[in-house]
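Nothing in this text is a laboratory measurement; each read-out follows from the coordinates by a stated rule. Quick caveat, the model's predicted, so the values are computed rather than measured. Don't worry about glycine lacking a Cβ; one is built from the backbone with ideal geometry, like all the others, and counts go over all protein chains shown.
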Amino acid sequence: MKIDALLINSKDNVATALRDIDANESVTVGENKKKKSISVKEKIPFGHKFATKTIKKDGNIYKYGEIIGKATKSIPEGYYAHIHNIESLRGRGDLERKLK
Amino acid sequence: MRFSGYERANGSVGTRNYVGIISTVVCANEVAIDIANKVKGTVYFTHQQGCCQTPVDIKRVTDTLIGLGNNPNLHSVLLVSLGCESVDIDEVQKQIAQTGKKVESIIIQEIGGAARSISSGTLKAQEMVRDASKQKSEWHPIDKLVLGLKCGSSDTTSGLAPNPALGVASDILVEKGGTSIFGEVTEIIGAEHIMAKHAANEKVEKKIYELVNRMENRAKSVGADIRGGQPTGGNIKGGLTTIEEKSLGAIAKAGNAKIQAVYEYGKKPDRKGLVMMDSPGREPELLTGLASAGATVIVFTTGRGAPQGFPFVPVIKVTGNKNTMNKLSDHMDLDVSPVIRGEETIKEAGKRIFSEIIDVASGKLTKAEISGYTKAMDIYTIGPVI
């Protein structure tokens, strides 16, 4: 069975779409030999990410088994995960300026 | 395994045999370009630096010009100077000549203006090309190759296919005794703990953290979020959300070899194997830094389709995005999108990249060279223009 999205590491809570995915599609997410089905709630463009489990506000986002940022609001399973709900933890000159 | 290249007096081997017309200061660029356009077999290097900068940057520019002149892809060098710049042209000329290479110079203010300088420079360049054309390429062992690594206009396919595949190719070269250089320190932010595990020793490990901290602090010093600058607007459209995510995909191109040493921008490595060089991620500065460090062939992975090449170092474009391969077919040399579709392993794609490196090093032209899209060049400076 072909996979529609890729989970790179078992720690990951976001998957990368390997094709354009439509809202309310049930897709196969692959991680090595393991596969699981997820109902995607929003349109996900090729190469973009969606949550494979619900991520709480301020929760870490994992990809490659590593932290790539944190959630600025809750991201329920199957929802689009990108700059509108994830912020970076690094290079944040804006935060340091606020501290001063 | 061997490649066909041009041996220089100091034992280094180039993959190309150009006469380099190098401008020593932004104000001499026009004359350098005019000379190069008049003489077949020459390439020009121009930049926006060389005067009205702090001493730290003047030294940076001087050292980089020396590094570029020493690159074995240049048979000989003609320096083009205005005459009043801060860069010490005598020092540049002396240091390049030490490699045994022929170096000549023209100084616009001494010769008397652009027209006379172009005329004089053209005549000198013609003789140099005549001389260079006598050198035939010969077969040399693969350990003489110096590979530069670069990724640009990345999207989420970059970290899944082309970067890990380039890592495989770099590992093969390192295993055979060659040299592989990576930079793009900005794109290690968030992945330095992984990169540090590849350090050959504690000194290298410390230096990796030091360079990443220095780059991150530079970015933070302007008081803004790095996002939008890194990852770029294009990266974000390609699905990359944070610099951490971009970095984790970017570092894969360095492969699994141990990092033997860490160098300042543009400095020639004094040892073989995988090494790291300070540099931002932007193409003109990074490609120039790799060329100054002595890279004779560069592999550049891309997601959304970066077309840039460099004047005298062939740049091989590799993409894992099928749409990009189709849309920018006149810029992309290799397609590793079969990896994304599960039709090829990363190792197989890596071997294909390695084989392309050998072919290009031996004279096969890259699409950037054929189309002439080879002018991504400038020198990375750190201080203000004053």
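Got a sec? How would B:L240, B:L274 order by Cβ neighbour count within 10 Å, fewest to most?
Placing the least packed residue first, the sequence is B:L274, B:L240.
Based on alpha-carbon positions alone, could you give the equivalent ellipsoid semi-axes of the protein assembly as shown from the gyration tensor, as √(5λ), descending, whole Å?
Over the Cα atoms of the protein assembly as shown, the ellipsoid semi-axes are 42, 25, 19 Å.
Around B:Y263, which amide H atoms from residues at least 5 apart in sequence, or from another chain, sit under 5 Å from its own amide H, with H modelled in the peptide plane?
Amide H neighbours of B:Y263, under 5 Å, 5+ apart: B:M276, B:M277, B:D278.
5 Å is the cut-off here: which amide hydrogens, built 1.01 Å from N in the peptide plane, fall below it relative to B:E104, excluding neighbours closer than 5 in sequence?
B:V77, B:L78, B:L79
Go ahead and estimate [θ] at 222 nm for chain B from helices alone: -39,500 (n - 2.57) per DSSP H run with n ≥ 4, summed, over the residue count, rounded to 500.
It lands at -11500 deg cm²/dmol.
Given the protein assembly as shown, what percent of its DSSP beta bridges are antiparallel, to the nearest 5?
Once the DSSP bridges in the protein assembly as shown are tallied, antiparallel ones form about 40 percent.
List every residue whose amide H lies under 5 Å from the amide H of A:E77, counting only residues 5 or more places away in sequence or on a different chain, with H placed 1.01 Å from N in the peptide plane.
A:T54, A:I55
In whole Å and largest first, what semi-axes does the C-alpha gyration tensor of segment A:22-94 yield when each eigenvalue is scaled by 5 and square-rooted?
Whole-Å semi-axes of the equivalent ellipsoid: 23, 14, 11.
For n ≥ 4 DSSP H runs only, could you compute -39500 (n - 2.57) per run for chain A, divide by its residues and tell me the 222 nm figure to the nearest 500?
When only DSSP H runs of four or more count, the value is -1500 deg cm²/dmol.
How fast does segment B:16-68 diffuse by Stokes-Einstein, in µm²/s, taking the Kirkwood radius from C-alpha pairs at 25 °C and 0.890 mPa s?
210 µm²/s
Nearest 20 debye, what's the magnitude of the dipole of chain A about its Cα centre given +1 on Lys and Arg Cβ and -1 on Asp and Glu Cβ?
For chain A, the charge dipole is close to 320 debye.
Tell me, how many Å apart are the Cα centres for segment A:30-77 and for segment B:73-102?
Computed from Cα coordinates, the inter-centre distance equals 54 Å.
Counting only C-alpha contacts under 8 Å and six or more residues apart, can you give the relative contact order of segment B:18-134 as a whole percent?
33 percent
Would you mind giving the three semi-axes, in whole Å and largest first, of the ellipsoid equivalent to segment B:142-371 according to its Cα gyration tensor?
So the three semi-axes of segment B:142-371 are 24, 21, 16 Å.
Can you sort A:H48, B:H193, B:H47 by how many other beta carbons sit within 10 Å, fewest first?
Lowest count first: B:H193, B:H47, A:H48.
Going toward the positive end of the dipole of segment B:94-234, with +1 on Lys and Arg Cβ and -1 on Asp and Glu Cβ, which of B:L147, B:G121, B:N213 do you reach last?
Of B:L147, B:G121, B:N213, it is B:G121.
Taking the Cα centre of chain B as origin and charging only Cβ (+1 Lys, Arg; -1 Asp, Glu), how large is the dipole, in debye to the nearest 20?
In debye, rounded to 20, chain B gives about 620.
Can you give the longest stretch of chain B with no exposed loop site, where a site means GluC sites (Glu not before Pro) in a DSSP loop (not H, G, I, E or B) with at most 13 other C-beta atoms within 10 Å?
Result, exposed sites excluded: B:1-263.
Based solely on C-alpha atoms, express the radius of gyration and the Dmax of segment B:273-386 in angstrom.
Spelled out, the Cα radius of gyration and Dmax of segment B:273-386 are 15.0, 55 Å.
So what are the ³J(HN,Hα) numbers for segment A:46-59, from phi and the Karplus equation (6.51, -1.76, 1.60; θ = phi - 60°), rounded to whole Hz, Gly and Pro as x?
In residue order, the calculated couplings are 3, x, 8, 10, 9, 6, 9, 8, 5, 10, 6, 4, 6, x Hz.
Listing B:C84, B:C151 from the residue with the fewest other Cβ atoms within 10 Å to the one with the most, what is the order?
So the ranking, lowest neighbour count to highest, is B:C84, B:C151.
Take the Cα radius of gyration of chain B and divide it by 2.2 N^0.38 Å, with N its residue count; two decimals is plenty.
0.95
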